[in-house]
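Just so it is clear, none of the values below were taken in a lab; they were calculated from the coordinates. Nothing here was measured: the structure is a model prediction, and the numbers come from that model. Note that each Cβ is placed from the backbone with ideal geometry, even for glycine, and that neighbours are counted across all protein chains shown.
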Amino acid sequence: MYNLEILLNQIDGMGYKGYKDIKGSYDFKEYILNIINVQGDPFASPSFFEIEIDIKNLKLPMEVFKEDIKIATEDFLLREISKNIKRINTNQIGSGKSGHIYILKPSNKILKRSAIEIIKKKLSIKFYVGLPAKGRRILGREAIKIIFEKLPGIYKIIKNVNIEKLKNHINLYRNIQKIREYLKKNNYILFIANDSILPRESSISEKPMKNAIKFQSPKELEIEIPLDKNKIIKGMGIKEGITVITGGGFHGKTTLLEAIEMGIYNHIYGDGREYVITREDAIKIKAENGRFINNTNISSFIQNLPNKKDTEKFFTENASGSTSQAANIIEALEIGSRFFLIDEDTTATNFMIRDDFIKKIIADNKEPIRPFIENIKALKEQNDTSVIMIVGSLSEYFKIADTVLMLDEYRVKNITNKVKKILVDDVMHKNNKIIVTDRKLNIEYCRNIVFNNKFKIKNKGFDELNFGNYNIDFRNIEQIVEEGQIIFIGELIKRIFKRKNQTESLYNILNSLENRLENENISEILNAKSGKYCGIRKYEIAMAINRLREQIIK
């Protein structure tokens with residue numbers, strides 16, 4: 001600790017690169033300060049710091065560090081630092097990013113994040129500091145103030161957290177996990193608790209809408225789930241199968257589906273969607289005009305193209321709406337998802353249905369597309385696939401639905417029996433086999449992409465990942481909620497591409513990775529430290545690989 005102070009005094013007034021000398025570990029008694037990476041310029045990305053605290057030095061009950069709940073503890077502690085860091089942050093000192101302390105700001109989701117991790121009875125806090133300079137000259141004394149007067153404030157925030165609030169956060173997490181277990185055991189794909197608040201304040205806000213109509217389950221679909229201490233929670237339970245959501249325009253259909261999409265994540269208190277619980281393999285399926293498709297077998301949905309193009313190994317750099325939607329379904333099945341979320345408004349109409357008049361005009365042998373309506377039962381029966389979809393005009397889907405929900409002024413009604421009395425299932429269900437090919441990743445080719453001195457990974461917000469010389473389009477991967485997930489995906493793909501095998505099943509690669517994602521800290525998975533990464537599912541990793549515009553899949 002004192003060596004660091006001496007060093008900073010010695011380099012005061014020197015050129016900025018002199019800061020490189022302070023890299024290392026320093027004992028501050030209550031914690032160890034690790035200066036891991038030092039910026040080369042005051043205008044560059046801030047320097048990377050880590051505080052390591054022995055959990056015995058904290059006034060927290062040891063139970064909060066248990067393996068099954070430590071994600072909730074990490075999440076809570078990060079929120080406390082992120083919320084209070086303004087109190088310890090300095091004003092602008094000198095040039096560029098001088099004097100600022102940065103830590104990852106979490107969304108309303110409870111996620112694994114590399115910014116705070118509990119590893120081997122230590123709490124690791126990773127953050128970034130703009131080391132102060134005037135022009136490009138070191139302000140050593142100002143750096144001493146930051147490191148010796150400001151940074152101890154991070155330790156104090158952790159040491160003085162409200163234990164009751166922490167326990168409440170953990171109890172919420174435990175309740176959500178219990179509900180997830182209940183749904184799995186009882187073949188439910190969705191639970192929405194009564195009094196949940198689904199609408200958001202705006203399209204760019206995570207806050208719940210004020211004075212919104214609270215969710216109430218239709219009585220026929222209401223279930224009770226037991227929680228701790230003889231408590232139960234009531235709400236709507238949706239069983240596996242095909243569920244159609246309908247209703248007039250602006251009555252809340254999309255709001256409901258968006259809440260269901262986000263139900264794959266656990267939410268914090270005050271979000272309003274704390275108990276909107278969706279089975280974790282749910283994937284939003286849509287059409288993506290212009291999508292890159294890499295040797296995906298879409299022959300279950302598309303056959304006999306007029307240009308004789310192979311649909312068993314379909315490749316295109318500019319997919320149509322129908323071919324992209326077919327690929328999205330097959331690629332999701334390939335990686336193991338058995339639960340799709342679909343909004344009629346974002347689908348390709350010719351992929352979803354062929355009405356009777358069109359069938360009379362265009363003979364079956366002249367239509368390459370086998371519409372989804374004719375395959376949906378095969379997906380359900382052969383692949384155990386469930387679907388929740390919004391329907392506003394494609395009435396054929398009412399005929400094959402197991403459950404039909406109607407939104408009426410933001411209130412959900414169960415109209416299944418009413419629909420069954422009106423309609424008869426006369427849909428021509430083709431006895432198609434849904435073919436899912438286990439594609440191979442050409443790792444030998446992939447290695448050439450990442451073994452490049454100039455290889456870098458950088459995201460452009462939520463839209464794009466620069467992966468070396470390639471850009472991966474994330475605009476249609478809708479269930480990503482934090483930028484740190486995109487950067488983490490990039491790092492994971494980089495490591496996949498460095499594997500030693502020549503070719504390997506994409507399914508096998510991501511299944512083995514999924515086990516690590518569930519059971520290890522991010523720093524352990526990457527064998528590297530960073531304060532920027534956030535946990536992700538295997539499905540989004542697969543989507544990113546499938547959208548890398550190079551023929552890397554056989």
Item to check | Residue-by-residue Karplus 3J(HN,Hα) for the stretch 492-503, coefficients 6.51, -1.76, 1.60, Hz, glycine and proline x | outcome: 5, 4, 4, 6, 4, 5, 9, 4, 8, 5, 6, 9
Checklist outcome for this item: With a Förster distance of 45 angstrom and the Cβ-Cβ distance between Glu550 and Lys360, calculated FRET efficiency to the nearest 0.05 equals 0.55
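First select every other residue whose beta carbon is under 12 angstrom from the beta carbon of Ser114; then total the charges, Lys and Arg +1, Asp and Glu -1.
-2
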Next on the checklist: Give the aspartates and glutamates whose C-alpha is closer than 15 Å to that of Lys120, dropping any in the same chain fewer than 8 places away, or say none.
Outcome noted: Glu52, Asp54, Glu63, Glu67, Asp68, Glu74, Glu520, Glu524
Checklist entry - For the residues Met543, Met62, Met209, what sequence is obtained by ranking on other C-beta atoms within 10 Å, fewest first? => result Met62, Met209, Met543
Checklist entry - How much length is gained on full extension from Ile435 to Glu312, taking 0.36 nm per residue of separation minus their Cα-Cα distance? => result 43.4 nm
Next on the checklist: Using the Cα atoms of the stretch 204-283, I'd like the radius of gyration and the largest Cα-Cα distance, Dmax, both in angstrom.
Outcome noted: 13.7, 43
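Arranged by the count of other C-beta atoms within 10 angstrom, fewest first, what order do Arg174, Arg475 take?
Fewest-to-most Cβ neighbours within 10 Å comes out as Arg475, Arg174.
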Item to check | Between helix 321-335 and the chain: long-axis angle, C-alpha atoms, 0 to 90°, nearest 10 | outcome: 70 degrees
Next on the checklist: Under 5 Å between amide hydrogens, which residues at least 5 positions from Ile119 or on another chain qualify, with H placed 1.01 Å from N in the peptide plane?
Outcome noted: Ser124
Item to check | the chain: angle of helix 2-11 to the longest principal axis, Cα-based, in degrees nearest 10 | outcome: 80 degrees
Next on the checklist: With just the Cα atoms defining each centre, how far is the stretch 349-401 from the stretch 34-107? Give it in Å.
Outcome noted: 51 Å
Checklist entry - What FRET efficiency do you get for Asn160 and Ile232 if R0 is 30 Å and r is their Cβ-Cβ distance, rounded to the nearest 0.05? => result 0.25
Checklist outcome for this item: Extension length gain for Asn3 and Tyr470 (0.36 nm per residue less Cα distance), in nm, is 163.7 nm
Checklist entry - What is the order of Ser95, Ser205, fewest Cβ neighbours within 10 Å to most? => result Ser205, Ser95
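Return the subset of Lys66/Lys538; Lys458/Lys532; Lys313/Lys500 for which the Cα-Cα distance in this structure is over 18 Å, preserving the input order.
Correct reply: Lys66/Lys538; Lys313/Lys500.
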Checklist entry - So what's the net charge close to Lys460: Lys and Arg +1, Asp and Glu -1, counting the other residues with Cβ under 14 Å from its Cβ? => result -1
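Give the calculated FRET efficiency between Val424 and Phe462 to the nearest 0.05, with a Förster radius of 41 Å applied to their Cβ-Cβ distance.
That pair, Val424 with Phe462, gives E of 0.40.
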Next on the checklist: At 7 Å along Cα-to-Cβ for each site, give me the label-to-label distance between Ser393 and Asn187 in nm.
Outcome noted: 3.6 nm
Checklist outcome for this item: Note on the chain, DSSP bridge orientation, antiparallel percent to nearest 5 equals 75 percent
Item to check | Distance between the stretch 442-510 and the stretch 144-220 - C-alpha centres, whole angstrom | outcome: 30 Å
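Near Val404, within a Cβ-to-Cβ distance under 11 Å, what is the net charge of the other residues, with Lys and Arg +1 and Asp and Glu -1? Mind showing how you got there, number by number?
Numbers: positive: Lys399, Lys413, Lys418, Lys420; negative: Asp402.
Net charge around Val404: +3.
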Checklist entry - About its Cα centre, what dipole magnitude does the chain give when the only charges are +1 on Lys and Arg Cβ and -1 on Asp and Glu Cβ, stated in debye to the nearest 20? => result 1260 debye
Checklist entry - Once both axes come from the Cα atoms, what is the angle between helix 70-88 and the longest principal axis of the chain, in degrees from 0 to 90, rounded to 10? => result 50 degrees
Checklist outcome for this item: To the nearest 20 debye, the stretch 413-536 has a Cα-centred charge dipole, built from +1 on Lys and Arg Cβ and -1 on Asp and Glu Cβ, of 180 debye
